[in-house]
Amino acid sequence: MARFGHTELPPQVQAALRRAVRLAWITIGFFATAVALLLLTMGDSKAMQAAVVENTLSFIPPIAFLFAVRATKHRPSPRHPYGYHRAVGVGHLVAATALFGLGAFLLVDSAAGLLSGHRASVGLVEIGGQVVWSGWLMIAVLAYTALPPVLLGRAKMPLARHLHDRVLYADAEMNKADWMTTLGAIAGIIGLGAGLWWADTASALFIAGNILRDGVRNVRVATAALMDARVETYDGSGPHPLLPEIDETLSALPWVQAAQSRVRDQGHVFHVESFVVPVQGHTPTLAEMTRAREAIIDLDWKLEDVVVVVVAELPARMLPGVQEDVSSTGYDASS
C-alpha cells in the first residue's frame, strides 16, 4: 500500500499519486525533446534563447516532485521524528528560487539587449534542396512546444488538489502558462521577419517577466509554508477548510467547553495540536481523549499526526487571537 511516512493513503489518493508520477515522467520526456529542438533552431534570437531557458526550467518542478514523493515515503526516524514530509516544501522552494533567479537574470539581459539595440539575425537554411527562412523552423518548433504543456498542466491540477502537493501545483501552473511563452516567442520571430528589430528582444522581455512572476509567487508561498504559517489550500489561495472543521468536531463533543487548534503544513500531511478545555467539573477519561483524537483523524487522510491536550484555559500565547477571558468559564483544575 502506498503511504506518506506512516500515513496510509486511501485508494483514490493512491491512484492520484500513481498518475501524478506518470505525468511527471512524461513531462520530463517531453521537455527533453523540446529543449533539444529549441537549441538546434534558436540561432541569435533572444526570444528563442528565453524559450530555451523557460523550457529548461520546466524540468525542475517534476524532478522536485519525484524527489519529494520518494523522500516522503520514508517512515519517521529518531533523527526525523516528524518524518520526511518537509521534502515537499524543500522541493517547492528550490523550484521557486530557480524560477526567480533565472527570471530576474533574463529580465535584466533582455532589457539590456533592448536598450543597446540588439538585432538578431535570422538567415536562410537549405532543406532537401529548398531554401527556407530559419524563422519558419523556429515557429514550427515553438508550435510543437505549445499544446502538450497546457494539456499536462490541466491534467496535473486536480491531482495537486487531491495530494495537497504544492510542487505539483507549481508544475501545473507553469505548464498551463507555457502557451503565453510560445505565443510571445512566435510574435517576436514574426516581428523580426517583418523588419521590427525590437520585436525579438521585446518578446524575450515578456517571457522573462512571466518567469519572474511565477518565481515571486512561488517563493512567497513556499517560504510561508516552511515557516509554519497558517495552513492554506494547495494553491495558497486561502485558509484550508480543515482548520474550522477540526475545532468544530472537538467542540461538538459533549464534554468539551472550548477547543482551538494550531495546524502546520508538513507537506502532504498536517501536524495538529488541539487544545481542549473540558466542561466545568468534568475530568476527561482516556477513552474520551482517544475518541476525540480519532474523530479528528477520521476527517481527512492528511490528519494522522494529531495531539489532543487538555488545558484549564486556551493558551493565548500559543494560540494568537484567543480571548484571554476563556478561562472564566473554563475548567477548574481543582475540581
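Under a straight-distance cross-link criterion of Cα-Cα below 17 Å, which aspartates and glutamates are reachable from residue 176, leaving out those fewer than 8 residues away in the same chain?
Partners found: 54, 165, 214, 235.
What is the antiparallel percent of DSSP beta bridges lying wholly in the stretch 242-329, to the nearest 5?
If we restrict to bridges inside the stretch 242-329, about 55 percent are antiparallel.
Give me the lysines in straight-line cross-link reach of residue 73: C-alpha distance below 24 Å, same-chain residues under 8 apart excluded.
156, 302
In whole Å and largest first, what semi-axes does the C-alpha gyration tensor of the chain yield when each eigenvalue is scaled by 5 and square-rooted?
So the three semi-axes of the chain are 53, 20, 13 Å.
How much length would be gained if the chain were fully extended between residue 252 and residue 79, taking 0.36 nm per residue of separation minus their Cα-Cα distance, in nm to one decimal?
58.6 nm
Quick one: Cα centre-to-centre distance for the stretch 191-230 and the stretch 126-141, in angstrom?
Cα centroid of the stretch 191-230 versus Cα centroid of the stretch 126-141: 29 Å apart.
Need one number: % antiparallel among DSSP beta bridges in the chain, to the nearest 5.
Of the beta bridges lying entirely in the chain, close to 70 percent run antiparallel.
Rounded to the nearest 0.05, what FRET efficiency do residue 217 and residue 131 have when you use their Cβ-Cβ distance and R0 = 41 Å?
0.35
Starting from one equal scatterer on each C-alpha and no solvent at all, send me the Debye-based log10 I(q)/I(0) for the stretch 196-278 at q = 0.13 Å⁻¹, two decimals.
One equal scatterer on each Cα of the stretch 196-278 leads to -0.58.
What's the longest uninterrupted piece of the chain once you rule out the trypsin sites (Lys or Arg not before Pro) that are loop residues per DSSP with at most 16 other Cβ within 10 Å?
120-229
Check every DSSP H run in the chain and write down those whose alpha carbon atoms cover 27 angstrom or more along the long axis and whose mean Kyte-Doolittle hydropathy is 1.0 or greater.
11-41, 87-116
Out of every Cα pair in the stretch 135-281, what percent are spaced more than 24 Å from each other?
Across the stretch 135-281, Cα pairs with separations above 24 Å total 52 percent.
Values in this text are rule-based calculations from the coordinates and carry no lab data. As the structure is a prediction and not an experimental result, all values here were calculated from the model. For neighbour counting, all protein chains shown are included, and Cβ atoms are generated from backbone atoms with ideal geometry for every residue, glycine included.
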